[in-house]
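Written below as structure tokens is the structure these notes are about.
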Amino acid sequence: MTATLMANEQLSARRAVEALRSGVPSRAGVAALGSGQYEIEDRFLDLLDGVGTVRPTEDRGLLLGGGFGSGKSHVLEHLAHLALDRGFAVSRVVVSKETPLHDPAKVLRAAIESAVSPNGAIGAVAEAAASLDAGGPGFAELLRWASGGPVDERFPLTLRLLPHAQAGDDDFAEAIVRFWSGDPLRVAELRRQAKLVGEGRRALAAVPATELAVQRFRFLARLFVATGCQGWVLLFDEVELIGRYTLLQRAKSYAQLADWLLADPDDPASPLVTMLAMTDDFDAAVLTEKNDREIVPAKLRAKEQPQWDEIAGRAETGMRLVERHMLLLRQPDTAELEQTYRRLKALHSEAFEWDAPDVAGLERLGATRMRQYVRAWINEWDLVRMDPSYRPQTEVVPIAISYDEVPDLGIDGNLVAPEDA
């Protein structure tokens, strides 16, 4: 083995150790440990295998549950690698103040910004648009699908206009891709461009921004397929943050959760697959303690408006999914802990060019999380490496998760806002 190769392997090992120490689910750290969640992995792979088939009543997504520090983000990263290896584009969306689950337009932005193609390239949407071959079967199938009704006329029209723009108007070609990615495209400009290529005047009615975001997800998933991907995988992390939203924000988030987990009735063969991760105490701490099961639908239906009645029904479905369909992370057994310990010991030895000794770590209890074991082992090796005579002892201090409402996590506004796109 050459010195350069040895140095690269040592650097890779050190990166993995640093990521695992800090609890960051990096590619190197996940590759070093795997996931150990075989049932969840199998269910996820079944979803990937079912992409492209019509599933009008089946789920298109999974809900993953685990305690704080139990490894949910680690599992999502592992699933991302599996999906990329199988030819899917993958996006990671972390629910936050900037990306509230109840706002599909902001979720879309986050999904596009984080989208990675199977070859590992960031900017997967732009890459897919640039690789569209107007004379190929993928383009023809995408145009056939887009013209069939599940998306607004803007999508097939911009698709037909793209080859003309790429041949002579780079600015408009870029505007089309930005429109698919969430930016507005003015009707007047779209009509002008259509007229230039003989498309005639189009009757383009205003579309609510929320609905247009949903349609963009549908279209982009098909765009990825048209350019050689198997589909698009969306991985949502820290979904439990919705428990801190205001009541109306929680209501719309529950409705969105149902939409992400269940098959799209307007596009039942969608190549879009989702996995959402949240804390396993959400049912007890939010649905029960805050009484969302009763209060949320009652509050919405009290408005006596059809659009709120519709959201109330979807919110009830979302809450039922949290109650009944959460896949819980399996606690590590003795064999898995021993295997992980041996891997980490070898990894730490390689990373720091020493022979890592055995360390005590944490007492092996049923309630201890894998992340706690991992960080304890790494920290103890770090200390012993600096002082071989030191005998570290690690204690675990529980961290309470708050579900108190924080009104500025999102902004309640109109249900829909028309976009002049």
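The values are calculated or read from the model by the stated rules, or taken from the named source; none is laboratory data. For clarity, every value in this text was computed on a predicted model and none was experimentally measured. When we count neighbours, we look across all protein chains shown, and the Cβ atoms used for this are built from the backbone with ideal geometry, even at glycine. Ligands, DNA and RNA are excluded from the accessible area calculation, which covers all protein heavy atoms including side chains. Shrake-Rupley method; radii C 1.70, N 1.55, O 1.52, S 1.80 Å.
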Which one of these does residue 55 not meet: (1) at pLDDT below 90; (2) part of a helix (DSSP H, G or I); (3) surrounded by fewer than 18 Cβ atoms within 10 Å (Cβ to Cβ); (4) not hydroxyl-bearing (Ser, Thr, Tyr)?
(2)
Out of all the residues in segment 359-387, which are assigned to a loop (DSSP other than H, G, I, E, B), free of Cβ contacts under 8 Å to residues at least 12 places away in the same chain and over 21 Å from residue 66 (Cβ atoms)?
387
Being open to solvent by 40 Å² or more (accessible area, probe 1.4 Å) and touching a residue at least 60 places away in the same chain (Cβ under 8 Å) is the filter; apply it to segment 270-288 and report the residue that is farthest from residue 148 (Cα to Cα).
281
Taking the conditions exactly as written (modelled with pLDDT under 90 and more than 21 Å from residue 38 (Cβ to Cβ)), does residue 410 satisfy them or not?
yes
Selection status of residue 177, more than 12 Å from residue 202 (Cβ to Cβ), among the β-branched types (Val, Ile, Thr) and part of a loop (DSSP other than H, G, I, E, B)
no
A careful count of residues in segment 122-131 that are open to solvent by 20 Å² or more (accessible area, probe 1.4 Å) and of a type outside the set (Gly, Ala, Ser) gives 2
Can you tell me how many residues in segment 144-181 are surrounded by fewer than 17 Cβ atoms within 10 Å (Cβ to Cβ) and of a type in the set (A, V, I, L, M)?
1
Condition (residue is in a loop (DSSP other than H, G, I, E, B), touching a residue at least 24 places away in the same chain (Cβ under 8 Å), open to solvent by 50 Å² or more (accessible area, probe 1.4 Å) and touching a Leu at 6+ places or on another chain (Cβ under 6 Å)) applied to segment 89-104: is it met by at least one residue?
yes
With respect to residue 206, is the statement that it is touching a helix residue (DSSP H, G or I) at 6+ places or on another chain (Cβ under 8 Å) and under 30 Å from residue 255 (Cα atoms) true?
no
Selected residue (only one of 132, 185, 142 is touching a residue at least 60 places away in the same chain (Cβ under 8 Å), farther than 24 Å from residue 208 by Cα and within 30 Å of the chain's Cα centre (by Cα))
132
Scope segment 194-208; condition crowded, with 19+ Cβ neighbours inside 10 Å and either within 17 Å of the chain's Cα centre (by Cα) or among the small types (Gly, Ala, Ser) (or both); matching residues:
194
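Within segment 326-345, work out how many residues are open to solvent by 60 Å² or more (accessible area, probe 1.4 Å) and either closer than 25 Å to residue 15 by Cβ or of a type in the set (A, V, I, L, M, F, W, C) (or both).
Count: 6.
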With the structure loaded, tell me whether residue 84 is over 26 Å from residue 198 (Cα atoms) and surrounded by 15 or more Cβ atoms within 10 Å (Cβ to Cβ) or whether it fails that test.
yes
Of a type in the set (Lys, Arg), closer than 25 Å to residue 254 by Cβ and more than 14 Å from the chain's Cα centre (by Cα): which single residue out of 106, 97 fits that description?
97
For segment 351-376, what are the residues that are over 30 Å from the mean Cα position of the chain (by Cα), within 11 Å of residue 17 (Cβ to Cβ) and crowded, with 18+ Cβ neighbours inside 10 Å?
351, 356
With respect to residue 251, is the statement that it is open to solvent by less than 10 Å² (accessible area, probe 1.4 Å), of a type in the set (Gly, Ala, Ser), touching a Leu at 6+ places or on another chain (Cβ under 6 Å) and assigned to a helix (DSSP H, G or I) true?
yes
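Yes/no matrix, rows are residues, columns are (1) under 19 Å from residue 219 (Cα atoms); (2) out of contact with any Ser or Thr (no Cβ under 7 Å at 6 or more places or on another chain):
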{"position": "82", "(1), (2)": "no, yes"}
{"position": "86", "(1), (2)": "no, yes"}
{"position": "112", "(1), (2)": "yes, no"}
{"position": "117", "(1), (2)": "yes, yes"}
{"position": "125", "(1), (2)": "yes, no"}
